[in-house]
1. Limiting things to C-alpha atoms, what are the Rg and the maximum Cα-Cα separation (Dmax) for region 94-161, in angstroms?
2. Please give the contour-minus-distance gain from R128 to T116: 0.36 nm per residue of separation, less the Cα-Cα distance, rounded to one decimal in nm.
3. Which one of V85, V40, V138 has the biggest mean-square fluctuation once the chain is modelled by GNM with Cα springs under 10 Å?
4. Sorted from largest down, what three extents in whole angstroms do the Cα atoms of the chain have along their principal axes?
5. Helix-derived [θ] at 222 nm for the chain: sum -39500 (n - 2.57) over DSSP H runs of at least 4, divide by residue count, nearest 500?
6. With springs only between Cα atoms under 10 Å, which of G152, G177, G94 fluctuates most in a Gaussian network model of the chain?
7. Any idea what the relative contact order of region 67-203 is, in percent, if you count C-alpha pairs under 8 Å spaced at least 6 apart?
8. Given a 10 angstrom Cα cut-off, can you work out which residue in R170, R109, R45 is the most mobile in a GNM of the chain?
Amino acid sequence: MFIVIQKHLKLIIVWGLIFAVLSVLVSLLFPKYFSAESQVLIISRDRTGVDPYTQAKAAERTGENLAAVMQTSDFYDKVMEEAEVSFDKTAWTGLTERARRKAWTKNVRAEMMYGTSLLKATVYASTREQALAFSDVVSKTIAARGWEYVGGDVAIKVVSVPYAKNWPSRPNLAMNGLAGFILGAVLSAWWAIKYRKHLFGKI
């Protein structure tokens, strides 16, 4: 098998490159989305007799709860009600409830950075400027109204202002191209091994 692959390595690479180019071209047909990230610090308020480790773990559990709550309709409504920051809401108008929930789950994500008490929020929008504005309103909503979901024993503060790259995050052309190359190489290698006698003669 390895002898076959080695003998036809150039052909395998060529087909890998063809699939990579096709994957990139297909990716260009999809809408482009820019991502923006921000971070909020979650601090458990000091309680008598509670050690720092326990407080840190409590902050992590709070962050996990907030990350889950950020996917809900109630949090969506709070973001849309935010008046301090202006952002384009047209992408969210005219959608059915199901479509809105699907889009919100896809374009608003949060994860706890364990060991740091930091919650990282990532949002996606059609332009870099809108991604920054959207991230700003989401992080400020968490900081201002997150206590409504987890109680008043925590302090939530924005510690990292929104940051966005200068190029789209979706579709990921590099990853799609790499996936296409691997797929093309694997398929051509399999084809060479399976049909080598028919295509290339005896080895």
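1. For region 94-161, the Cα radius of gyration and maximum Cα-Cα distance read 13.5, 41 Å.
2. This chain segment gains 1.6 nm when fully extended.
3. Residue with maximal mean-square fluctuation among V85, V40, V138: V85.
4. Projected onto the principal axes, the Cα atoms of the chain cover 79, 46, 30 Å.
5. Dividing the helical sum by the residues of the chain leaves -17000 deg cm²/dmol.
6. Answer for the Gaussian network model of the chain: G94.
7. Result for region 67-203 is 19 percent.
8. R45
Read-outs throughout are calculated quantities, based only on the coordinates presented, and are distinct from any laboratory measurement. Here the structure is a predicted model, which means the values were calculated and not measured. Backbone-built Cβ (ideal geometry, glycine too); neighbour counts: all protein chains shown.
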